[in-house]
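Visitor: Take this structure, written in structure tokens, and hold onto it; I'll ask about it next.
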Amino acid sequence: MRGSQTYLHVGDRVFHRRFTSWGLGRVVEEWKSEVPGGLCFVRIEFQDGKQRVFDNSFESQLCCYYSGLTLLDRW
């Protein structure tokens, strides 16, 4: 996506402020639409063994940053 601002990248370590029982997570996949205004997602694998998908665009009201995901460190 041209000009889009994303929050997370593959390899980033995160945790969710509201769902601490999930444990720490690591971004394992990132999708970016080539269409202007298209969607952008990340797949995160958490310590509870589940993978979850989140919106990754700061331009979206549903961005994972606003929903409670916090970046711990970037690899």
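The values are calculated or read from the model by the stated rules, or taken from the named source; none is laboratory data. Nothing here was measured: the structure is a model prediction, and the numbers come from that model. Heads up, the Cβs are rebuilt from the backbone with ideal geometry, glycines too, and the neighbour counts pull from every protein chain shown.
Visitor: Quick one: what pairs do we get from the stretch 57-75, first residue exposed (fewer than 14 other Cβ atoms within 10 Å of the Cβ), second of a type in the set (S, T, N, Q) and assigned to a strand (DSSP E or B), C-beta under 9 Å, 6+ apart or different chains?
Guide: Between residues of the stretch 57-75 that are exposed (fewer than 14 other Cβ atoms within 10 Å of the Cβ) and residues that are of a type in the set (S, T, N, Q) and assigned to a strand (DSSP E or B), there is no close pair.
Visitor: Another one. Are any residues in the stretch 25-62 among the charged types (D, E, K, R) and more than 20 Å from Gly11 (Cβ to Cβ), and if so, which ones?
Guide: Going residue by residue through the stretch 25-62, those that are among the charged types (D, E, K, R) are 26, 29-30, 32, 34, 43, 45, 48, 50, 52, 55, 59.
Glu34, Glu59, listed by residue number.
Visitor: Continuing with this model, one more query. Could you look through the stretch 41-56, keep only residues that are within 10 Å of the chain's Cα centre (by Cα) and more than 12 Å from Thr6 (Cα to Cα), and pick out the one that is surrounded by the most Cβ atoms within 10 Å (Cβ to Cβ)?
Guide: Ile44
Visitor: Check Gly38, Gly25 and return the single one that is surrounded by 11 or more Cβ atoms within 10 Å (Cβ to Cβ) and at pLDDT 95 or above.
Guide: Of the residues listed, the single one that is surrounded by 11 or more Cβ atoms within 10 Å (Cβ to Cβ) and at pLDDT 95 or above is Gly25.
Visitor: Applying the selection to the stretch 18-52, what residues are within 17 Å of Gly68 (Cβ to Cβ), assigned to a loop (DSSP other than H, G, I, E, B) and not aliphatic (A, V, I, L, M)?
Guide: Arg18, Phe19, Gly23, Gln47, Asp48, Lys50
Visitor: Here's another thing I want to ask about it. Could you list, in sequence order, the residues of the stretch 63-75 that are out of contact with any strand residue (DSSP E or B) (no Cβ under 6 Å at 6 or more places or on another chain) and either aliphatic (A, V, I, L, M) or more than 14 Å from Arg13 (Cβ to Cβ) (or both)?
Guide: Result: Tyr65, Tyr66, Ser67.
Visitor: Can I ask one more? Name the pairs whose Cβ atoms lie under 7 Å apart, with the first residue in the stretch 4-17 and assigned to a loop (DSSP other than H, G, I, E, B), the second among the acidic types (Asp, Glu), and 6 or more positions between them or separate chains?
Guide: Pairs that qualify, where the first residue is assigned to a loop (DSSP other than H, G, I, E, B) and the partner is among the acidic types (Asp, Glu), are Ser4/Glu59; Gln5/Glu59; His9/Glu30; Val10/Glu29; Val10/Glu30.
Visitor: Sticking with this structure for a sec: For the stretch 1-22, how many residues meet the condition of being under 17 Å from Arg74 (Cα atoms), in contact with an Asp or Glu (Cβ under 7 Å, 6 or more places away or on another chain) and either surrounded by 15 or more Cβ atoms within 10 Å (Cβ to Cβ) or among the β-branched types (Val, Ile, Thr) (or both)?
Guide: 2
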